[in-house]
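The values are calculated or read from the model by the stated rules, or taken from the named source; none is laboratory data. On a predicted model such as this, the values are computed, not experimentally measured, just so you know. Cβ placement follows ideal geometry from the backbone for every residue including glycine, while neighbour counts extend to all protein chains displayed. For accessibility, only protein heavy atoms count, side chains too; no ligands or nucleic acids. Shrake-Rupley method; radii C 1.70, N 1.55, O 1.52, S 1.80 Å.
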Amino acid sequence: ASDLNSYFSSEQGSLFGADYQRAHRLADGRTLWTFQDAFVRRSNGSPKLVHNVGLIQSGNCFSLLRSGTAANPEPWLLPELTRNEETWHWPMAGELSTDGSTLQVFVVEMNEQGPGYLGEVVPTTNRIVDIRISDLAVVGYGLAPDSSDELFGFDTASDDTWTYLYGHCYKQFGFGWLGFDECAQHVKVARVPKGELKAVPTYWDGTRWNNNPASAVSIFNTS
């Protein structure tokens, strides 16, 4: 931890800090990290808030993944759909495609409806971004089969047969503790065949899996 702190606080570090880290271990031994809201070091040394970035880690070496320029960094994912601090995109969970050639990452579109940044943030759309493993290029994106604000894909877990997509309401900013409580108590789950994030999911209704998203119930045990 002390080595990492030293790295990220030094001039050689590309980030001052970032939120919601997710680590994806790749078959070649590298690790792809994705982050929400990151303070990226500009070429003049000053920080800029960028709504998402990636870091590729190879051993003890880190390389920043972003768009824009060194003088004016921009988000790595979906910069063309981003209006800074108004409409932006946060990466959520992801899974390797069945052929292992791409990492598919759920990305939520967030919209500011309050008077200032993070005043009252509402999630609106759920997309899947395709990242080619060989060169980490973004090769496509589109709406998730369930693109609703239930956000199935906030987190994922896979067994030998299925990938499970956990939903989360993401009411964190502008909703106080009520938002956290609501999200925590309304965790729903859907599933798709393992690694097939673009397949139409089925939903757990408390008894069985079915194809009606309205039937999904919270799996959070309040007792």
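Can you name every residue in segment 70-95 that is without any contact (Cβ under 8 Å) to a residue 12 or more places away in the chain and either acidic (Asp, Glu) or assigned to a loop (DSSP other than H, G, I, E, B) (or both)?
Hit for segment 70-95 is GLU80, nothing else.
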Check your understanding: Restricting attention to segment 21-53, and to residues there that are basic (Lys, Arg) and open to solvent by less than 40 Å² (accessible area, probe 1.4 Å), which single residue is modelled with the lowest pLDDT?
Key -> ARG41
Point to revise | Among the candidates ASP146, ASP205, residue that is modelled with pLDDT of 90 or more, farther than 22 Å from ALA23 by Cβ, under 19 Å from the mean Cα position of the chain (by Cα) and not aliphatic (A, V, I, L, M) | key: ASP146
Practice item. Give the residues of segment 105-123 that are under 16 Å from GLY176 (Cα atoms) and acidic (Asp, Glu), sorted by residue number. Key: GLU112, GLU120
**Study point:** In segment 168-217, the residues that are assigned to a helix (DSSP H, G or I) and open to solvent by 40 Å² or more (accessible area, probe 1.4 Å)
**Key:** GLY176, TRP177, LEU178, PHE180, ASP181, GLU182, ALA184, GLN185, PRO213, ALA214
Review point. Under the condition of being of a type in the set (Lys, Arg) and part of a strand (DSSP E or B), which residue from segment 24-69 is farthest from the chain's Cα centre (by Cα)?
Key: ARG41
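Given LYS171, LYS188, which one is of a type in the set (Lys, Arg) and farther than 19 Å from ASN221 by Cα?
That would be LYS171, the only listed residue that is of a type in the set (Lys, Arg) and farther than 19 Å from ASN221 by Cα.
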Study note, to complete from the structure: Note on THR222: of the conditions (1) at pLDDT 95 or above; (2) part of a loop (DSSP other than H, G, I, E, B), unmet is (1)
Study note, to complete from the structure: Scanning segment 172-196 residue by residue, those within 21 Å of THR124 (Cα to Cα) and in contact with an Asp or Glu (Cβ under 6 Å, 6 or more places away or on another chain) turn out to be GLY174
Practice item. State all residues of segment 118-129 that are open to solvent by 20 Å² or more (accessible area, probe 1.4 Å) and either modelled with pLDDT of 95 or more or not small (Gly, Ala, Ser) (or both); if no residue qualifies, say none. Key: LEU118, GLU120, VAL122, THR124, THR125, ARG127
Practice item. Can you confirm whether segment 96-109 contains a residue that is free of Cβ contacts under 8 Å to residues at least 60 places away in the same chain, over 18 Å from TYR20 (Cβ atoms) and either in contact with a Lys or Arg (Cβ under 8 Å, 6 or more places away or on another chain) or surrounded by 20 or more Cβ atoms within 10 Å (Cβ to Cβ) (or both)? Key: yes
Study note, to complete from the structure: Picked from segment 149-167 (must be open to solvent by 30 Å² or more (accessible area, probe 1.4 Å) and part of a strand (DSSP E or B)), the residue farthest from ASP19 (Cα to Cα) is TRP162
Point to revise | Residues of segment 1-18 satisfying the condition of being part of a strand (DSSP E or B) and open to solvent by 80 Å² or more (accessible area, probe 1.4 Å) | key: PHE16
